[in-house]
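What follows is one structure encoded as structure tokens, with my remarks underneath.
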Amino acid sequence: GLTDGTPGTRGSVPLRTTPEDGFEYESTPARFWGASGLAGVWAEANTREALFAALRRKEVFSTSGPFIQLRFFAGYGFDESVLAAENPVQQADAGGVAMGGDLHAADVPRPPGFFISALADPHSQPLQRLQIIKGYIEDGVAREWVADVHCADDLAVDAATARCPDNGARVDLTSCATRADAGDRELVTYWEDPNFDAAQPAFYYVRVLENPSCRWSTWDAVRNGTPPRPDMPPTIQERAWSSPIWYKPGG
């Protein structure tokens, strides 16, 4: 606290007097830090017993700070029609496993379905994209595959790159103002892994990204009336990420 309690000691605004080395900013580890994060727990009730039960089954997610709500399910007991269901979360939960759970191979090998739902923090930026991160072993080497699976603003994922196109979200670095007409307040989708191998163990987890916004260091600079520090990222995409679901072949 003593070393990052002011913009100057955090290194986000110029020092009042230039040190002998000529560098006008404080050299501090704070330049690599983000703000505090949050943990979310999907429990049946706000009691110690229910909260600890949710922690034990790993039905939890994290955010980089905003109050984003994230749900993630995988299973064989639902399909794309879940998106039109009156209560899709209840249907996905009944037909599969929630984040943090183990999903075993189907009796007849086939890809599982994944249901993802994310709700934005009303006091933060709109959501920009949903991503699936898959981890697996191939030829004895640990590999990771990241794919955008749903885009805001009715945009479509590029099949060749597995990425959403630019949705036009921008940040004015002189004021930290953002566009109000880019991004969505809720993103919901159903997805199947196009590279699924029923014999290959894997894990999957979800990441949801907000539109870009000013990083804390840029907010410091704006309030100080100085340009953002050039060697710090001026913007950040706040996010939430789920516990994994582990696919286990062999029953």
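The values are calculated or read from the model by the stated rules, or taken from the named source; none is laboratory data. Model, not experiment: these values are computed from the prediction. With ideal geometry, Cβ positions are generated from the backbone for all residues, glycine too; neighbour counts draw on all protein chains shown. These area figures cover heavy atoms from the full protein model, side chains too; ligands, DNA and RNA do not enter into them. Shrake-Rupley method; radii C 1.70, N 1.55, O 1.52, S 1.80 Å.
Looking only at the stretch 217-232, how many residues end up being assigned to a helix (DSSP H, G or I) and open to solvent by 10 Å² or more (accessible area, probe 1.4 Å)? Outline the logic, then answer.
Of all residues in the stretch 217-232, those assigned to a helix (DSSP H, G or I) come to 217-224.
Adding the requirement that they be open to solvent by 10 Å² or more (accessible area, probe 1.4 Å) leaves 219-220, 222-224.
Residues meeting the conditions: 5.
Check Val146, Val108 and return the single one that is under 27 Å from Ala198 (Cβ atoms), surrounded by fewer than 20 Cβ atoms within 10 Å (Cβ to Cβ) and modelled with pLDDT under 95. Break it down stepwise before answering.
Numbers: Val146 fails: modelled with pLDDT under 95.
On inspection, the qualifying residue turns out to be Val108.
Would you confirm whether any residue within the stretch 23-38 is in contact with a helix residue (DSSP H, G or I) (Cβ under 8 Å, 6 or more places away or on another chain), of a type in the set (Val, Ile, Thr) and farther than 18 Å from Glu238 by Cβ?
Yes, the stretch 23-38 has at least one match.
If I ask for residues that are of a type outside the set (A, V, I, L, M), open to solvent by less than 90 Å² (accessible area, probe 1.4 Å) and under 30 Å from Pro227 (Cβ atoms), which ones from the stretch 166-200 would you list? Give the derivation first.
Applying the first criterion (of a type outside the set (A, V, I, L, M)) to the stretch 166-200 yields 166-168, 170, 172, 174-176, 178-179, 181, 183-186, 189-197, 200.
Keeping just the survivors that are open to solvent by less than 90 Å² (accessible area, probe 1.4 Å) gives 167-168, 172, 175-176, 178, 183-184, 189-193, 196-197, 200.
Asn167, Gly168, Asp172, Ser175, Cys176, Thr178, Gly183, listed by residue number.
Kindly check whether there is at least one residue in the stretch 70-86 that is among the β-branched types (Val, Ile, Thr), in contact with a Ser or Thr (Cβ under 8 Å, 6 or more places away or on another chain) and open to solvent by less than 60 Å² (accessible area, probe 1.4 Å).
Here is the first cut: in the stretch 70-86, the ones among the β-branched types (Val, Ile, Thr) are 82.
Still in the running and in contact with a Ser or Thr (Cβ under 8 Å, 6 or more places away or on another chain): none.
Within the stretch 70-86 (the criterion being among the β-branched types (Val, Ile, Thr), in contact with a Ser or Thr (Cβ under 8 Å, 6 or more places away or on another chain) and open to solvent by less than 60 Å² (accessible area, probe 1.4 Å)), the answer is no, since none of the residues qualifies.
Exactly one condition in (1) open to solvent by 50 Å² or more (accessible area, probe 1.4 Å); (2) under 19 Å from Ser36 (Cβ atoms); (3) hydrophobic (A, V, I, L, M, F, W, C) is not met by Phe203; state its number.
With (1) open to solvent by 50 Å² or more (accessible area, probe 1.4 Å); (2) under 19 Å from Ser36 (Cβ atoms); (3) hydrophobic (A, V, I, L, M, F, W, C) applied to Phe203, the lone miss is (2).
Looking at the structure I just gave you, is Gln90 open to solvent by less than 80 Å² (accessible area, probe 1.4 Å) and within 23 Å of Ile68 (Cα to Cα)?
Details: open to solvent by less than 80 Å² (accessible area, probe 1.4 Å): no; within 23 Å of Ile68 (Cα to Cα): yes.
For Gln90, the condition - open to solvent by less than 80 Å² (accessible area, probe 1.4 Å) and within 23 Å of Ile68 (Cα to Cα) - is not met.
Would you confirm, using the coordinates I've provided, whether Gly75 is more than 30 Å from Trp216 (Cβ to Cβ) and modelled with pLDDT of 95 or more?
Working: more than 30 Å from Trp216 (Cβ to Cβ): yes; modelled with pLDDT of 95 or more: yes.
Judged against the criteria, Gly75 is a match.
For the stretch 28-52: of the residues being without any contact (Cβ under 8 Å) to a residue 12 or more places away in the chain and assigned to a helix (DSSP H, G or I), which is least open to solvent (accessible area, probe 1.4 Å)?
Among residues in the stretch 28-52 that are without any contact (Cβ under 8 Å) to a residue 12 or more places away in the chain and assigned to a helix (DSSP H, G or I), the one least open to solvent (accessible area, probe 1.4 Å) is Ala50.
For Val171, state whether it is of a type outside the set (Asp, Glu), modelled with pLDDT of 95 or more and in contact with a Pro (Cβ under 9 Å, 6 or more places away or on another chain). Walk me through how you get there before you give the answer.
Numbers: of a type outside the set (Asp, Glu): yes; modelled with pLDDT of 95 or more: yes; in contact with a Pro (Cβ under 9 Å, 6 or more places away or on another chain): yes.
Judged against the criteria, Val171 is a match.
Gly100 is checked against (1) on the phi > 0 side of the Ramachandran plot; (2) in contact (Cβ under 8 Å) with a residue 24 or more places away in the chain; (3) surrounded by fewer than 20 Cβ atoms within 10 Å (Cβ to Cβ) and fails just one. What number does that condition carry?
In the conditions (1) on the phi > 0 side of the Ramachandran plot; (2) in contact (Cβ under 8 Å) with a residue 24 or more places away in the chain; (3) surrounded by fewer than 20 Cβ atoms within 10 Å (Cβ to Cβ), Gly100 misses (3) alone.
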